[in-house]
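Reviewing the structure listed below.
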Amino acid sequence: MMVLGRAEDHYKLLPWMCTAIVRANPDHVAFCEVEECRFQRMFVAYAANINGFKLGCRMMLFVDGCHLSGPYKGTLLAACALDADNHLFNFAYGIVSCESVEDWVWFLQCVAQCLGGLKPVIMSDRGQALLKAVPMVFGKENHAYCLRHLAENYLQVAEKYGIWKEVTK
């Protein structure tokens, strides 16, 4: 349920909102791709976040996706960093149809354009689409995996083979 109107009316406003964001500050990066009056995907990175990352964050971006619920499905992709105080620092976000290799490559290419040649380490879970997309954009040497996700995967395999108790001692 939408508080102020129907969901399809809000999606129709996205191209206008992206234009308004860039008009407010030309250094912002915001665009929405529409095909035959249908929303395809969107990317937003604010200038303050781009400059903040370049000037005050570790050269590491954490990327992940979150599935959207409601009448229109999709995936929210996000790139975050850690600042000097170990606090999360938002860098960019995008909305795409699903977590496919094509959509991740598109999102990561948009991130790379915002970085202007910088090659940070990309930290991710071991999602199949990300395993293929990150090396295509940033190179295999710049891809690292989240330890928590590695441990969860390891324990799932251990449980599958009946050795869970032995590996958790």
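Looking at the structure I just gave you, is V101 surrounded by fewer than 17 Cβ atoms within 10 Å (Cβ to Cβ), among the β-branched types (V, I, T) and at negative phi?
For V101, the condition - surrounded by fewer than 17 Cβ atoms within 10 Å (Cβ to Cβ), among the β-branched types (V, I, T) and at negative phi - is met.
Please state which one of F53, F91, F43 is among the hydrophobic types (A, V, I, L, M, F, W, C), closer than 26 Å to R23 by Cα and more than 11 Å from the chain's Cα centre (by Cα).
F53
D85 is checked against (1) under 14 Å from the mean Cα position of the chain (by Cα); (2) charged (D, E, K, R); (3) part of a loop (DSSP other than H, G, I, E, B) and fails just one. What number does that condition carry?
Of (1) under 14 Å from the mean Cα position of the chain (by Cα); (2) charged (D, E, K, R); (3) part of a loop (DSSP other than H, G, I, E, B), only one is false for D85: (1).
Go through region 93-141 and report how many residues are outside any loop (DSSP other than H, G, I, E, B) and either more than 22 Å from H28 (Cβ to Cβ) or at pLDDT below 90 (or both).
Within region 93-141, residues that are outside any loop (DSSP other than H, G, I, E, B) and either more than 22 Å from H28 (Cβ to Cβ) or at pLDDT below 90 (or both) number 20.
Going by the structure shown, is R148 part of a helix (DSSP H, G or I), basic (K, R), exposed (fewer than 15 other Cβ atoms within 10 Å of the Cβ) and modelled with pLDDT under 95? Full working, then the answer.
Details: part of a helix (DSSP H, G or I): yes; basic (K, R): yes; exposed (fewer than 15 other Cβ atoms within 10 Å of the Cβ): yes; modelled with pLDDT under 95: yes.
Yes.
Identify, from the list C37, C66, the residue that is out of contact with any strand residue (DSSP E or B) (no Cβ under 8 Å at 6 or more places or on another chain) and surrounded by fewer than 19 Cβ atoms within 10 Å (Cβ to Cβ).
Numbers: C66 fails: out of contact with any strand residue (DSSP E or B) (no Cβ under 8 Å at 6 or more places or on another chain).
Answer to the selection: C37.
Tally time: how many residues in region 95-153 are among the hydroxyl-bearing types (S, T, Y), under 26 Å from T168 (Cα atoms) and touching a residue at least 40 places away in the same chain (Cβ under 8 Å)? Before the answer, list the steps.
Taking region 95-153 and keeping what is among the hydroxyl-bearing types (S, T, Y), we get 97, 100, 124, 145.
Now narrow it down to the ones that are under 26 Å from T168 (Cα atoms): 124, 145.
Checking which are touching a residue at least 40 places away in the same chain (Cβ under 8 Å) leaves us with 124.
Qualifying residue count for the region: 1.
Can we say L77 is of a type outside the set (V, I, T), buried (at least 19 other Cβ atoms within 10 Å of the Cβ) and either without any contact (Cβ under 8 Å) to a residue 40 or more places away in the chain or over 21 Å from V29 (Cβ atoms) (or both)?
yes
When you check T19 against the structure, is it closer than 21 Å to A133 by Cα and either among the hydroxyl-bearing types (S, T, Y) or not in a strand (DSSP E or B) (or both), yes or no?
Taking the combined requirement at face value, the residue does not satisfy it.
Rundown of residues vs (1) aliphatic (A, V, I, L, M); (2) more than 19 Å from G127 (Cβ to Cβ); (3) in contact (Cβ under 8 Å) with a residue 60 or more places away in the chain; (4) surrounded by 16 or more Cβ atoms within 10 Å (Cβ to Cβ), yes/no style:
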{"residue": "E33", "(1), (2), (3), (4)": "no, yes, no, no"}
{"residue": "R41", "(1), (2), (3), (4)": "no, no, yes, yes"}
{"residue": "N51", "(1), (2), (3), (4)": "no, yes, no, no"}
{"residue": "M59", "(1), (2), (3), (4)": "yes, yes, yes, no"}
{"residue": "F89", "(1), (2), (3), (4)": "no, yes, no, yes"}
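The values are calculated or read from the model by the stated rules, or taken from the named source; none is laboratory data. Owing to the predicted nature of the structure, the values given are computational and were not obtained by experimental measurement. Note: ideal-geometry Cβ built from the backbone for every residue, glycine included; neighbour counts use all protein chains shown.
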